[in-house]
Amino acid sequence: MSNELIYLSKQVAKQRLDRRSFLGRAGALGFTAATANTFLSSAVMAQGAVKGGTIRVAIEGGSSSDSLDPALVTNSTGTMVNRLWGEPLVELDDEGGLEMRLASEMSATPDAQTWTFVIRDGVTFSNGKSLTADDVLATMERHAGEESKSGALGILSGIKSMRAEGNAFIVELDGPNADLPFLLSDYHLMIQPNGGKDDPSAMIGTGPYVIKSAELGVRFVAEKNPNYWNPDLGHASNIEITVINDDTARVAALQSGQVDMCSRVPPKVASLVGRMSGVEVHSVPSAGHYVFIMHANTAPFDNKDLRLALKYAINREEMVDKILFGNGSQGNDSPINASYPLFSEAEQRSYDPDKAAFHFKASGHDGSILLRTSDNSFPGAPDASQLFQQSAKAAGITLDIKREPSDGYWSEVWNKQPFCTSYWSGRATQDAMYSTAYLSSADWNDTRFFNEQFDQLLFAARAELDTAKRTQMYADMGTMVRDDGGLICPMFNNFIDATSDRVAGWATSKGFGMMNMYAPIRMWATG
Amino acid sequence: MSPVLKLIAQRISLGILLIFAVSILIFAGTQILPGDVAESILGQSATPENLANLRAELGLNEPALSRYFSWLGGIMVGDLGTALTSGTSISDAIGARLGNTLFLAAVAAMISVPIAILLGLLAVRYKDRWPDKVISATTLASISLPEFFIGYLLILVFGVKLGWFPTVATVFPEMSLGARLNAVMLPALTLTLVVLAHMMRMTRAAILNVMQSAYIETAELKGMTSFKIIWKHALPNAISPVVNVVMLNLAYLIVGVVVVEVIFVYPGMGQYLVDHVAKRDVPVVQACGLVFAAIFIGLNLLADIISILSNPRLRHPK
């Protein structure tokens, strides 16, 4: 690469030259705009974060019937807003491990039953009050209390007692749980002064930004918190979030330069969006998966051969191609993929009409099988159901598809009817995922998977602090679900977000899309 | 009392009666919806105790009739109740949103009504010649396209390619009037294209109807130019049906624009209503229903009154 181009790109990174003139001069040197742009973005990355400026975000999910109380947040807009003004004790890092936030240290007793979090010194809330262990205790009490409507109530249910001692917050559990810190990184658990018991919706926290204006389901404006403790987070001076639920309008807003980043690009148009000038699409593997779920205790799905027949009758490769347009990976009939920290690979199950026909015959089932689906069970679910119908037909299995209305699907069909389409957004750890949906006693055991051995292994793994042994336990559990469970998991979906060249600093993260909803906080405006 | 005043008073009292009837319908309709409000709020965390607590808190244990009257009493003094989902005052939320909706409707009306009437007059003047055909064809084409498609087309052309107007029309209180007008230009144009044809066709039809009359022939024989005949003699006599269809379209601009609001991210009433329907927030749905009904009835009332006033036989009784 030409020295001249390197020099020029550094000038842009230092903001001594604007981008338009840079592209002009690069053109004069004989470089195409695409080459020059790629070169520029790496120079900007190398220069490091630029402070100041405004980052404008278009995001989906928000609604005018939302609440500002972090306990009641249910969608990605609320999660992103929570992250602006608030902070949890610990947070997921880019590798799927944990990094310290409001806790500066954490430790557990060897039985993983008592956990101690040392609260960070010298942190103040945006109302000027300084952070203490009592605030942390009050926050957890509010979310875990009997009256609580918090979305984090379930994950806090294993706690026996909590107390604050000096600058330490101590949790005693009913049973061992090596994953407790992961649970505490939940996006509802923003530490608030006195736990938010006085005014839960005040949006006062220790986060990198202070909310200046909040119109639910419409727009949020935030300003940098001048007293924020962590210099590595929060580069832009101002952040503006606009809720745009219409996919086309959200992408158009990025394209017309009204926003600098946009969440959830539809897979169908991802490659087209990527070709726009000055726009970069980020397709990031996630723990989210699209599923066909059978109730393993309801006829005809209580027959293991029938379940296996259907598992062999689905064409996973085709689903990834035609439903995700390549933005994802094949599933293997377990809810776990490489996004999880203790993942170990199992042999990939693939489409095999002969095996499917063999197991179908062995099951003794006669007649067609009813599959229920709806548009909102996952994007493209009715199409995926038709693909499944076609691939099953080749194995001599007849699937009848019933299209259900989107309204009421989650209350009337999912977790009620024996065979339907659905999705899971995944969890931070295997334990969380299995406890939510595969433990015999789980409320959301939507495949009616009752396996005593599995349950015992799950509890044993929680107490196991030796990573190698724990990995093996999870591998065994994965095999049980894969071979015996009611889950048909054809694909894991990627999170697809897009950013313009007016911002830089994208990194591939774990958790949710938009860099685990930290994109506006971790990226910076390039001017 | 003059017959005009009497007629108008009659219309207004009928309108008020109608609003009461609608309020009964709305209330009854939301009562017979399947599922209990308390159950749908609590969802999966519903236990018998907290269901009972919430029912008492919401007053669901009282008989429907007394709930209806306390609701009606609140509305009389401008209190529409509190939203179940967010716990905020519905009157405040609707106040801001209704203002936005009326602003967008007003801008769209100011563009579309004059254009529609002018095009209608032109179509009559050049009846069955090419200007008439071009006007009819283009306006009918624009009404035949779904709103979201027109919206996307305008976004593509004026927002993305030409960059004249913003594609996101989110307005907020700190905006100046100029910035607001700029922001709502694309949604207003979309709505204009949607309502234009109806008003234009009605104007054309109403005037053509009058053009058969003997006094038009007289005017022609006097040697008046054809446009002057249409403007001075035909339009005033055709005003009643034209006003009716204009008011119908204005009502549509206020109560029927949820698709446009979604595409252009405009914080109006439609989006607010839909968000709360999805969460079974009954008080908000009732309040929005009533506001929409009142607007619809009010505008139709206005159309009636203008028709009455524009009728010389009623203005000058023998």
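Need one word for region A:191-246: rounded, prolate or oblate. Basis is the Cα gyration tensor (sqrt eigenvalues a ≥ b ≥ c); a/c below 1.5 gives rounded, then a/b vs b/c decides.
oblate
Work through the residues other than B:K228 whose Cβ is under 14 Å from its Cβ and net out their charges, Lys, Arg +1 and Asp, Glu -1.
Local net charge: +2.
Less than 19 Å from a label point 7 Å out along the Cα-to-Cβ axis of B:L102: which backbone N atoms in region B:269-310 qualify, by residue?
In region B:269-310, the label zone of B:L102 (backbone N under 19 Å from the point 7 Å along Cα→Cβ) covers B:269-273, B:287-303.
Please list log₁₀ I(q)/I(0) at q = 0.06, 0.07, 0.11 Å⁻¹ for the protein assembly as shown, using the Debye equation with identical point scatterers on the alpha-carbon positions.
For the protein assembly as shown at q = 0.06, 0.07, 0.11 Å⁻¹, log10 I(q)/I(0) is -0.50, -0.68, -1.41.
Mind listing, in residue-number order, the residues in region B:235-266 that have at least 10 Å² less accessible area with every protein chain present than in their own chain alone (1.4 Å probe)?
B:V262, B:I263, B:V265
For the residue pair B:S142 and A:I170, what label-to-label distance in nm results when each label sits 7 Å from Cα along the Cα-to-beta-carbon direction?
Between B:S142 and A:I170, the label points sit 7.4 nm apart.
Once a ≥ b ≥ c are taken as the square roots of the eigenvalues of the Cα gyration tensor of region A:87-196, is the result rounded (a/c under 1.5), prolate (a/b larger than b/c) or oblate (a/b not larger than b/c)?
Judged from the Cα gyration tensor, region A:87-196 comes out rounded (a/c under 1.5).
If packing is taken as the mean number of other Cβ atoms within 10 Å per residue, what is the order of A:442-452, B:286-296, B:59-69, highest first?
B:286-296, A:442-452, B:59-69
Given the peptides A:271-279, B:144-152, B:94-102, A:308-316, arrange them by the average over their residues of other C-beta atoms within 10 Å, most packed first.
A:308-316, B:94-102, B:144-152, A:271-279
Of the cross-linked pairs A:K311/B:K279; A:K311/A:K416; A:K129/A:K160; A:K355/A:K393, which ones have a Cα-Cα span greater than 24 Å in the structure shown?
Long pairs (Cα-Cα over 24 Å): A:K311/B:K279; A:K129/A:K160.
For A:S237, what accessible surface area do you get with a 1.4 Å probe? Give it in Å², rounded to 10.
50
Starting from the Cα of A:R275, step 7 Å along the direction of its Cβ; do the same at A:S368; then give the gap between the two resulting points in nm.
4.0
For a Förster distance of 22 Å, can you work out the FRET efficiency between the beta-carbons of A:T508 and A:E99, rounded to the nearest 0.05?
Taking R0 as 22 Å, the efficiency between A:T508 and A:E99 is 0.90.
Using a 1.4 Å probe on the protein chains only, how many percent of the accessible area of chain A belongs to carbon and sulfur?
48
Give, as ranges by residue number, the residues of region A:263-303 whose backbone N falls under 20 Å from the point 7 Å along Cα→Cβ of A:D321.
Residues A:267-272, A:290 fall inside that zone.
Quick one: accessible area per residue over chain B, 1.4 Å probe, rounded to a whole number of Å²?
I get 50 Å² per residue for chain B.
Per 10 Å bin, what is the whole-percent P(r) computed from every C-alpha pair distance within region B:180-223?
Spelled out per bin, shortest first, that is 23, 27, 21, 17, 12, 0.
Could you list which residues have their amide H under 5 Å from that of A:F495, counting only those 5 or more apart in sequence or on another chain, with H placed in the peptide plane?
Answer set, sorted by chain and number: A:V284, A:S286.
Suppose R0 equals 60 Å; then what is the FRET efficiency for A:Q472 and A:T54 from their Cβ-Cβ distance, rounded to the nearest 0.05?
Efficiency computed from Cβ-Cβ geometry: 0.75.
Take B:L118 and B:S66, extend 7 Å from each Cα along the Cα→Cβ direction, and tell me the distance between the two endpoints in nm.
The answer from the label model is 6.1 nm.
Pull up all non-local amide H partners of A:N225: gap of 5 or more, or a different chain, and H-to-H distance under 5 Å with H placed in the peptide plane.
Amide H neighbours of A:N225, under 5 Å, 5+ apart: A:Y209, A:V210.
Taking A:K51 as the anchor, which lysines have their alpha carbon closer than 23 Å to its alpha carbon, excluding any fewer than eight residues away along the same chain?
Candidates past the 8-residue exclusion: A:K10, A:K14, A:K212, A:K224.
For region A:477-515 and region A:71-142, compute the distance between their C-alpha centroids and round to whole Å.
24
Scan around A:K402 for amide H atoms under 5 Å from its own, H built in the peptide plane at 1.01 Å from N, and keep only partners 5 or more places away or cross-chain.
A:L371, A:R372, A:T373
For region B:68-79, what does the Karplus curve 6.51 cos²θ - 1.76 cosθ + 1.60, with θ = phi - 60°, yield as ³J(HN,Hα) per residue in whole Hz, taken in order and with x for Gly and Pro?
Listing the rounded values in order: 4, 6, 6, 5, 4, x, x, 4, 4, 9, x, 9 Hz.
In whole Hz, with x marking every Gly and Pro, tabulate ³J(HN,Hα) for region A:469-479 from phi via Karplus 6.51 cos²θ - 1.76 cosθ + 1.60, θ = phi - 60°.
Calculated HN-Hα couplings, in order: 4, 5, 4, 5, 4, 5, 5, 4, 5, x, 5 Hz.
Per-residue mean of other chain beta-carbon atoms within 10 angstrom of the beta-carbon, peptide A:244-254?
Other-chain Cβ atoms within 10 Å of each residue's Cβ, averaged: 6.
Got the relative contact order for chain B handy, in percent, Cα pairs under 8 Å and 6 or more residues apart?
Here the relative contact order equals 27 percent.
How shielded is A:58-67 by partner chains, expressed as the average number of their Cβ atoms within 10 Å of its Cβ atoms?
Other-chain Cβ atoms within 10 Å of each residue's Cβ, averaged: 5.
Taking θ as phi - 60°, what are the ³J(HN,Hα) couplings along region A:325-333 by the Karplus curve (6.51, -1.76, 1.60), each to the nearest whole Hz, with x for Gly and Pro?
6, x, 8, x, 9, 5, x, 9, 6
Towards the positive end of the charge dipole of the protein assembly as shown, with charges on Cβ (+1 Lys, Arg; -1 Asp, Glu), say which of B:M247, A:A338, A:N415 has the farthest Cα.
Towards the positive end, the residue furthest out is B:M247.
Counting only Cα atoms, I'd like the Rg/Rh figure for chain B, Kirkwood definition for Rh.
1.06
What residues of region A:421-443 lie in the reach of a label at A:F459, counting those whose backbone N is under 12 Å from a point 7 Å from the Cα along Cα→Cβ?
The answer is A:440-441.
In percent, what relative contact order does region B:98-280 have, based on Cα pairs under 8 Å that are 6 or more apart in sequence?
33
Indicate the gyration tensor shape class of region B:51-95 (rounded, prolate or oblate), computed on the Cα atoms with a ≥ b ≥ c the square roots of the eigenvalues: a/c under 1.5 is rounded; otherwise a/b larger than b/c is prolate and the rest oblate.
Verdict is oblate for region B:51-95.
So, R0 is 41 Å and r is the distance between the beta-carbons of A:D407 and A:S157; what FRET efficiency does that work out to, to 0.05?
Taking R0 as 41 Å, the efficiency between A:D407 and A:S157 is 0.85.
Normalised by the residues of chain A, what does the relative contact order come to in percent, with Cα pairs under 8 Å and at least six apart?
It rounds to 20 percent for chain A.
The values are calculated or read from the model by the stated rules, or taken from the named source; none is laboratory data. Please read these numbers as outputs of a predicted model, since none were measured by experiment. So basically every Cβ, Gly included, is an ideal-geometry build from the backbone, and we count neighbours across all protein chains shown. Note: areas computed on protein heavy atoms with side chains; ligands, DNA, RNA excluded. Shrake-Rupley method; radii C 1.70, N 1.55, O 1.52, S 1.80 Å.
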